[in-house]
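Heads up, the thing below is written out as structure tokens.
The values are calculated or read from the model by the stated rules, or taken from the named source; none is laboratory data. This one's a predicted model, so the numbers in the text were calculated from it and none came from an experiment. Cβ atoms come from the backbone with ideal geometry, glycine included; neighbour counts cover every protein chain shown.
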């Protein structure tokens, strides 16, 4: 209960979800190791009916994320990811040549769509309302799963117009930080899908609660990640997938695909096809390498032994 009661705001009223998540993940890991309890039991602690093992482990796979300023490079990335068996793709948009980029990726995936391959877009708040309407109309019929964060956070009122004038489902990311944000988006009638990221949304427990809340209201939700996250956060994401059923897409567990210097003894990443296995062992299932951790620490390291 004390872990769940950690604050989301500092004394000045500023959101500090990432800091809260770091403290919460450490405390949950310590709790699990000391009392020899599975962190997956958290869904029961919170009284979230329907959450628990196996969650989405038997149905969801990790996605490939496509970015870059070259259409040629995008096509090359698609080929490499398809060779590795990935089936779900996210394309970063918000550039002047977005239609060309989408056409290139969609064309490279066209034959695979019949086998269940998906493509979704992420504008990272890079469009104006006029550009968003133009793009969404142009992309109708392209088998795009959804558009993530088309407008900058703070312009949610304009999303009502976007939803009324276009057909692509809207996924919220930067506009979805707190539970209050989720409730407001739902009241506005624009909550098609949520991108839940453990560090962005305050940690493991708030993310479980948010996923449960969304599921009860028919809101699609995916597990997001931070670029270059360490295996600690990736391991927590794995546990989230073990607990939460109905996850639409999953991102993360990229390991050494993106990060050359991790802080654990055995870095984790997904396998062929984006498949993954549940992590065993105490806590989050990873062991921190103290020497590597010190390398990235700005101040003195304080250790708590259990």
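Under the condition of being closer than 22 Å to residue 122 by Cα, modelled with pLDDT of 95 or more and in contact with a helix residue (DSSP H, G or I) (Cβ under 8 Å, 6 or more places away or on another chain), which residue from the stretch 226-250 is surrounded by the fewest Cβ atoms within 10 Å (Cβ to Cβ)?
Taking the stretch 226-250 first, the residues closer than 22 Å to residue 122 by Cα are 226-229, 233-234, 237, 241, 246-250.
Adding the requirement that they be modelled with pLDDT of 95 or more leaves 233-234, 237, 241, 246-250.
Add one more test, that the residue is in contact with a helix residue (DSSP H, G or I) (Cβ under 8 Å, 6 or more places away or on another chain), and what stays is 233-234, 246-247, 250.
Details: 233: 21, 234: 28, 246: 15, 247: 21, 250: 23.
Here the answer is 246.
Scanning the stretch 50-104 for residues that are more than 17 Å from residue 117 (Cα to Cα) and in contact (Cβ under 8 Å) with a residue 60 or more places away in the chain gives 50, 51, 52, 53, 54, 55, 56, 57.
The number of residues in the stretch 16-37 being in a loop (DSSP other than H, G, I, E, B) and either touching a residue at least 60 places away in the same chain (Cβ under 8 Å) or in contact with a strand residue (DSSP E or B) (Cβ under 6 Å, 6 or more places away or on another chain) (or both) comes to 1.
Matching residues to (1) surrounded by 15 or more Cβ atoms within 10 Å (Cβ to Cβ); (2) at pLDDT 95 or above:
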{"position": "24", "(1), (2)": "yes, yes"}
{"position": "65", "(1), (2)": "yes, yes"}
{"position": "73", "(1), (2)": "no, no"}
{"position": "85", "(1), (2)": "no, yes"}
{"position": "89", "(1), (2)": "yes, yes"}
{"position": "92", "(1), (2)": "yes, yes"}
{"position": "108", "(1), (2)": "yes, no"}
{"position": "116", "(1), (2)": "no, no"}
{"position": "129", "(1), (2)": "yes, yes"}
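Selection of the stretch 251-264 for residues being crowded, with 17+ Cβ neighbours inside 10 Å, assigned to a loop (DSSP other than H, G, I, E, B) and over 18 Å from the mean Cα position of the chain (by Cα) yields 262, 263. Scanning the stretch 265-276 for residues that are surrounded by fewer than 17 Cβ atoms within 10 Å (Cβ to Cβ) and touching a residue at least 60 places away in the same chain (Cβ under 8 Å) turns up 272, 273, 275. Do you know which residues across the stretch 79-107 are in a helix (DSSP H, G or I) and more than 28 Å from residue 128 (Cβ to Cβ)? Result: 79, 80, 81, 82, 83.
Could you tell me which residue of the stretch 118-127 is surrounded by the most Cβ atoms within 10 Å (Cβ to Cβ), considering only residues that are within 19 Å of the chain's Cα centre (by Cα) and part of a loop (DSSP other than H, G, I, E, B)? If you could, list the steps in order and put the result at the bottom.
So the first thing to find is which residues in the stretch 118-127 are within 19 Å of the chain's Cα centre (by Cα), and the list is 118-126.
Now restrict to residues that are part of a loop (DSSP other than H, G, I, E, B): 123-126.
Numbers: 123: 22, 124: 15, 125: 17, 126: 17.
Of everything passing the filter in the stretch 118-127, 123 is surrounded by the most Cβ atoms within 10 Å (Cβ to Cβ).
In the condition set (1) in contact (Cβ under 8 Å) with a residue 12 or more places away in the chain; (2) at positive phi, residue 141 is compliant with all but (1).
Of all positions in the stretch 273-285, at least one carries a residue that is within 24 Å of residue 145 (Cα to Cα), part of a helix (DSSP H, G or I) and either at pLDDT below 95 or out of contact with any helix residue (DSSP H, G or I) (no Cβ under 8 Å at 6 or more places or on another chain) (or both). Against the criterion of being crowded, with 17+ Cβ neighbours inside 10 Å and under 21 Å from residue 176 (Cα atoms), residue 101 does not qualify.
Scanning the stretch 104-127 for residues that are out of contact with any helix residue (DSSP H, G or I) (no Cβ under 9 Å at 6 or more places or on another chain) and more than 26 Å from residue 226 (Cβ to Cβ) yields 110, 111, 114, 115, 116.
Specify which of the listed residues (52, 40) is part of a loop (DSSP other than H, G, I, E, B), closer than 23 Å to residue 202 by Cβ and at pLDDT below 95.
Details: 40 fails: part of a loop (DSSP other than H, G, I, E, B).
Of 52, 40, the one residue that is part of a loop (DSSP other than H, G, I, E, B), closer than 23 Å to residue 202 by Cβ and at pLDDT below 95 is 52.
Being in a helix (DSSP H, G or I), under 30 Å from residue 140 (Cβ atoms) and within 15 Å of the chain's Cα centre (by Cα) is a property that does not hold for residue 233. Taking residues in the stretch 1-15 that are touching a residue at least 12 places away in the same chain (Cβ under 8 Å), and partners anywhere that are part of a strand (DSSP E or B) and surrounded by 11 or more Cβ atoms within 10 Å (Cβ to Cβ), the pairs with Cβ atoms closer than 9 Å and at least 6 places apart or on different chains are 8/15; 15/9.
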